[in-house]
Structures are given as structure tokens and as C-alpha cells.
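Engineer: Below is a structure I'd like to ask you about.
Every read-out reported here was derived from the displayed coordinates using simple, explicitly stated rules and does not represent laboratory data. These numbers were taken from a predicted model, which means no experiment stands behind them. Neighbour counts are summed over all protein chains in view; Cβ atoms, including those assigned to glycine, are modelled from backbone coordinates with ideal geometry.
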Amino acid sequence: MTSEDAHVTTDIQQPQYYDDVIDLRAYILVLVKFWPVIVGMVLVAVLAAAGLTLSRPTAYEASASVVITESRAELSLVPEFKTSSEGLPTNADARRNALIGLVKNPTIAAEAIARLGDTLPIELRNVADLVEAVEGTGTGDLITISVRAQDPAVAMAVANAWGVEYERHINQLYGVIVESAEAVRRQSERAKADYDAAQSALVTFAGANRIAELEMAIKETQDIITATAKVQVEGRLAAFAEEHAERVETLASLHDTRLRLGSLLDDARALEAQLAGGGDADAASNALALTLIKAQAYASSADMPANLQVQLSPSDASASAQVADVRALMAAIETRIADLDAAIAAWEQGQTEEVTLQALTGEGALDPIIAPLHDRLRALQADLEAERATLQELTQTRDLAWETYTTVARKVAEMNVGAAVQGTVVRLAAPAALPTEPVSRKLMQTAALAGAVAFMLAVGVAFVTNLLNPEVNPSAAVSGRRPAPATQS
């Protein structure tokens, strides 16, 4: 071992650092020392990468483009059917990433294999192998589906079939109505059953209710009450008329008596004057006149005083006695006239007992005959209101059931239309064209990448080996020199 080698070994084993500055010479010396290993590993990696790249068969790539449209059908439960196109929702990035991720989908691969059938090569008829041949990338709202195959026609066919099945699958996945049509149909059937039950109950009640019977009974009872009250009023009016006629006749008799007594009073006053002027000589001739006046007075009123009895005065009675007798008669007549005037005044002022209008019309306490009829009428009216309330309730229940059924039936019809015209999330924008050039194998990029990786790995191996066994010197073995043993310090 020369002194130069010993110096190198010593420097490697004991690197020196000055003022906290890393000395890169020791590391460079390690790389120089292991350059054969490093170069060898890099060459092997580059050659292996180049060999693998060249050994791969030539592949053609075809690409189909799918655009994100996000149009959907809206059900509004009205006759109009609306379709809107609004693009992606607010979480557009998440939805876009999901759509790109769904490109490599085994379900789509199976549908594509079924669509292509025997035109697909045997090696691509496996779902897993076909999925590996497909790649999905996205730029904005455009999704590119790329397919690689050895045959350019196969690559184009698979890309187009994949695009069609991807469009159908995504639109079914995102564009269908969320609510289950079957559940809505079952709801419609239940609503129809509820309506049929409500209609049947209404028909049954309509055929068995007592509304018409109660209305007829109420009318009959009212007619009976009216007829009974009319008979009673007419009877009261007849009785009142009869009583009133009697009272009018009595009043007329009082006035007639008053007139006759008044006429007799005038006659009596005239006779008194005649008796006073004639004296006893005319007493005999005046006695007959006095007797006649007395008889007329008692004949005109039975209520004359009892002490004035009709007596025929003797012809020899004195004039003075006759005058006194006439004056007594006049006083009795005047008293009777005063009584008659009082009675007539009482009649005219309404102080006598009369039948009131309330008694005539039956107002106030009900007649014992009419009162039970009124009780029966009220009971019939209460029963009628109960029957009408039941009829109204059943009718409202039937109407509500019908509205519910028609609403759900309309919804079922709209969902049927929605199933035929579903919303779209993606649409095949550009089918794949037949590729004319094979895909570049990227030999230089692959070799460069393999060399870079091998270089980093070789450097790591060199430093680890030098650390574990500093005496190893691959460069000396390559140059034919033997490494000198380590010098004892």
C-alpha cells in the first residue's frame, strides 16, 4: 500500500470539519471509490428499462369525450312537465371528481363487453383486463375516456362503446327520480281504496238516513201546531166577538135608558112648573099627568128607588102635594141619570173587564195541547241536525279522499313521464376516431427515470458499504490494485 493510498484511507476514516463547514471532499471520495458499483447499477437499470420498453408490443390509443351537462326533470305535481339545465351544483369539484373516478367501472366494462360481443379480442373480454386498458381524465366539464389496444380498430370500438355505456350508467345513477315510482303507485292504490271506502260509506248512509222522513215529520208537526193555534185563536176571537157584542148591546141599552130618562126629566120639570102656576084649581086635571110620568119613569128603568112607587094621585090632592111628589120623582130620575152617566163613562174609558190581545193570540204560556207538539218538534229538529251533520262529515271525507287520490294519481303519471324523459348528467360529445399512429413508448424518458433511480440507490449502497467496511475499495479492484491494510496509529 502506497503512502498516497494510506493518506486517502486516513482521510476517509477521519473526515475533518473546520468552523462548522461540511467538507464534501470525503463524500466525493466515497463516490469516486465506489464509482464502478454506481456506474454498473445505473447501466443495468437503464438497459433493463430500455429492454422492457422495447419488449412491449405496439399500442394504439383512442379517446372519446364526454361533457357534463347536468340537466334534470322536475316534478311539480301540476300538468306542466319542466326540464331544466343548470350545470353542476355548488359542490361541482366533488361531483366532477366522482364522475372522473367512475370512468374505470367494472359495471361499464361488463356492459361494453356485452355490447361489442365477438368483435372484442379474447384477451380483453375479461372485465379486469378491460378496466386496466381504460383511463379517465378531466378538464373542466370535459371528461376524456382513453383506451389502449394493439389493434387501432379495437381501441376505437372500445372507447366508443365505453363512452355510450358510461353516459347511460351515469345518467341512470344521477338522473333518475329519487322517489321510488313503485312506492308512489302503492300510495296511489291505498288512496283509491280509501276513496272507495268513503264513497261506499256515503252511499250506504244516503240510502238509510232519516233526513227526508224527519223533514216530513217536522213539516207535519208544524202544520198541526199552526192549525191548532188557528182553531184556538178563531175560538177566542168568536168568544170575544160574542162577548163584545153583548157588551155593546148593554152599552146601547144604557144610552137608550139615559135618553128616555132625560126626556122624562124634562117632562117632570115642565109638569112641576105647571103645578106651581095652576094652584089647587088645576090639581084634579094635573093628577093624571103626574101618574103617567111616574109610570113612564119606572117603565124606563128598573133601578128607580123603591120608595117611589107608582100611585094614582086622588083628584082632590092639593097642588102643593103634587109639586112635592113631582120633585121627588125628578130627584130619583136625576140620581138614575147620574148612575147611567158614570156607567157609560167607565165603558168609554176602558175600565171595564176586556179580553186582551195576548189572550186572543195565545202568547205567553203555551196551551196544554200545543206544548207537547212543540216538544216533539224540537226533538225532530235535533234528530235532523244530527243526520245532516253525519251526511256532511261523510261527504267531506269522500271529497278529501278523492282529492288525495287525484293528486297522487297525477304524481304517478308525472313520474311515468319522468321515467321516459329522465334528466341527463353527462352526454357523449365526441366519439373516438381511428388512431393512425401508435402510442410513443417514451424510451428516453423511461431510461432516464430508471438511471436516476438506480443512481440514487447505488449512492446509498456506497455510503452504507463504506460505513460498514471502510477497507472495501471497488475502484482499486477495477484498476488491479490491492487495498493496503489499515495503518495502526
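Engineer: Just to compare against my own numbers: the Cα pair-distance distribution for region 101-173, 10 Å bins, whole % per bin, please.
Structural biologist: Final binned percentages: 21, 59, 19, 1.
Engineer: May I ask you to derive the FRET efficiency for Q172 and N469 from their Cβ-Cβ distance with R0 = 45 Å, giving the value to the nearest 0.05?
Structural biologist: 0.10
Engineer: So, one more: What distance in nm lies between label points placed 7 Å from Cα along the C-beta direction at L259 and A208?
Structural biologist: About 8.1 nm separates the two model spin labels.
Engineer: Sticking with this structure for a sec: Please give, to one decimal in nm, the separation of the simple spin-label points placed at E215 and A241, each 7 Å out from Cα toward the Cβ.
Structural biologist: 3.9 nm
Engineer: What is the sum of charges around S65, taking Lys and Arg as +1, Asp and Glu as -1, for the other residues whose C-beta is under 12 Å from the C-beta of S65?
Structural biologist: The answer is -1.
Engineer: Give me the extension gain from V231 to Q150: residue separation times 0.36 nm, minus the current Cα-Cα distance, reported in nm with one decimal.
Structural biologist: Gain on stretching V231 to Q150: 17.2 nm.
Engineer: Now, a different point. Obtain the nm distance between the two label points defined at T407 and A429 by a simple spin-label model: each point lies 7 Å from its Cα along the Cα-to-C-beta direction.
Structural biologist: 4.3 nm
Engineer: Compare the Cα positions of I224, S188, L251 along the charge dipole of region 181-257 (+1 at Cβ of Lys, Arg; -1 at Cβ of Asp, Glu; about the Cα centre) and return the one farthest towards the positive end.
Structural biologist: S188
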